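Undergrad: Mind looking over this structure? Questions follow.
The values are calculated or read from the model by the stated rules, or taken from the named source; none is laboratory data. Source: prediction; values computed, not measured. Methodologically, a virtual Cβ is constructed for each residue, glycine included, from the backbone with ideal geometry; neighbour enumeration extends over all protein chains shown. Side chains are part of the model used for accessible areas, which takes the heavy atoms of the whole protein and leaves out ligands, DNA and RNA. Shrake-Rupley method; radii C 1.70, N 1.55, O 1.52, S 1.80 Å.
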Amino acid sequence: QVQLVESGGGLVQPGGSLTLSCAASGSIFSINSMGWYRQAPGKEREWVATITGGGTNYADSVKGRFTISRDNGQNTVSLHMNSLKPEDTAVYYCRSTAVASTPPTYRALELWGQGTLVAVSS
């Protein structure tokens with residue numbers, strides 16, 4: 001079974017920092033991209049950041065404050081969040097596009113984690 005598991009969410013004061021992690025496990029042949037999305041109560045899910053072999057990309061709302069990184073050896077992606085604002089409060093979801101392998105079968109996958117809550121409040 002291929003899955004993504006997020007961790008690191010919690011309560012933080014405005015201006016503080018928090019780091020989220022997402023680990024992929026299972027019979028993975030390759031990972032094309034890993035990224036983060038977030039969804040605040042009553043709002044649609046929005047894209048936050050993505051990392052691929054070509055580099056990183058960020059939404060304008062978090063650019064300069066958030067940093068995405070990847071540990072290829074463990075198929076893990078992290079999101080370091082700095083200068084957090086109340087507007088950053090949301091459930092954060094990890095997403096990955098990958099190829100799963102169960103020899104001799106290979107299949108393309110879109111994977112989503114279960115989400116981890118980040119609450120920015122004083």
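Undergrad: Could you grab the relative contact order for the chain? Cα pairs under 8 Å, six or more apart, rounded to a whole percent. Mind dumping the intermediate values first?
TA: Details: 306 pairs, mean separation 44.5, N = 122.
Averaging sequence separation for qualifying contacts and normalising by length gives 36 percent for the chain.
Undergrad: While we're here: If DNA, RNA and ligands are ignored and the probe is 1.4 Å, what is the ranking of Trp36, Trp47 by accessible area, most exposed first?
TA: On the way: Trp36 0, Trp47 90 Å².
My answer, sorted largest first, is Trp47, Trp36.
Undergrad: A further question on this structure: What does the accessible area of Tyr106 come to, in Å² to the nearest 10, when a probe of 1.4 Å is used?
TA: 120
Undergrad: Please state the shape class of region 15-59: rounded when a/c is under 1.5, otherwise prolate if a/b exceeds b/c and oblate if not, all from the C-alpha gyration tensor. Don't skip to the answer; put the middle values down first.
TA: Details: a/c = 1.75, a/b = 1.64, b/c = 1.07.
Prolate, since a/c reaches 1.5 and a/b exceeds b/c.
Undergrad: Are there trypsin sites (Lys or Arg not before Pro) in region 19-82 that DSSP marks as loop and that have at most 16 other Cβ atoms within 10 Å, and which are they?
TA: Here the trypsin sites (Lys or Arg not before Pro) that fit, given the DSSP loop and packing criteria, are Lys43, Arg45, Lys63, Arg65.
Undergrad: Can you give me the solvent accessible area of Ser33 with a 1.4 Å probe, rounded to the nearest 10 Å²?
TA: Using a 1.4 Å probe on the heavy atoms, I get roughly 20 Å².
Undergrad: Starting from the Cα of Ala119, step 7 Å toward the Cβ, then list every residue of region 1-16 with an amide N under 18 Å from that point.
TA: Of the residues in region 1-16, 7-16 have backbone N under 18 Å from the label point off Ala119.
Undergrad: How large a share of the accessible area of region 75-120, in percent, is made up of carbon and sulfur atoms when the probe is 1.4 Å and the other protein chains stay in place?
TA: Carbon-and-sulfur percentage of accessible area, whole number: 56.
Undergrad: Shifting gears a bit: Over the alpha-carbon set of region 37-108, work out the extent along each principal axis and list the three values in angstrom, largest first.
TA: Principal-axis extents of region 37-108 (Cα, largest first): 48, 26, 18 Å.
Undergrad: At 20 °C and 1.002 mPa s, grab the translational diffusion coefficient of the chain from Stokes-Einstein with a Kirkwood Rh over Cα pairs, rounded to a whole number in µm² per second.
TA: Here the translational diffusion coefficient equals 146 µm²/s.
Undergrad: Determine the gain in length on full extension of the stretch Ile28-His80; use 0.36 nm per residue of separation and subtract their C-alpha separation, reporting nm with one decimal.
TA: Stretched out fully, the Ile28 to His80 stretch lengthens by 16.2 nm.
Undergrad: Set the Förster distance to 25 Å, then compute FRET efficiency between Ser7 and Thr52 from the Cβ-Cβ distance, nearest 0.05.
TA: 0.65
Undergrad: Okay, moving on. Send over a whole-number figure in Å² for the accessible area per residue of the chain, probe 1.4 Å.
TA: On the way: 6500 Å² over 122 residues.
I get 53 Å² per residue for the chain.
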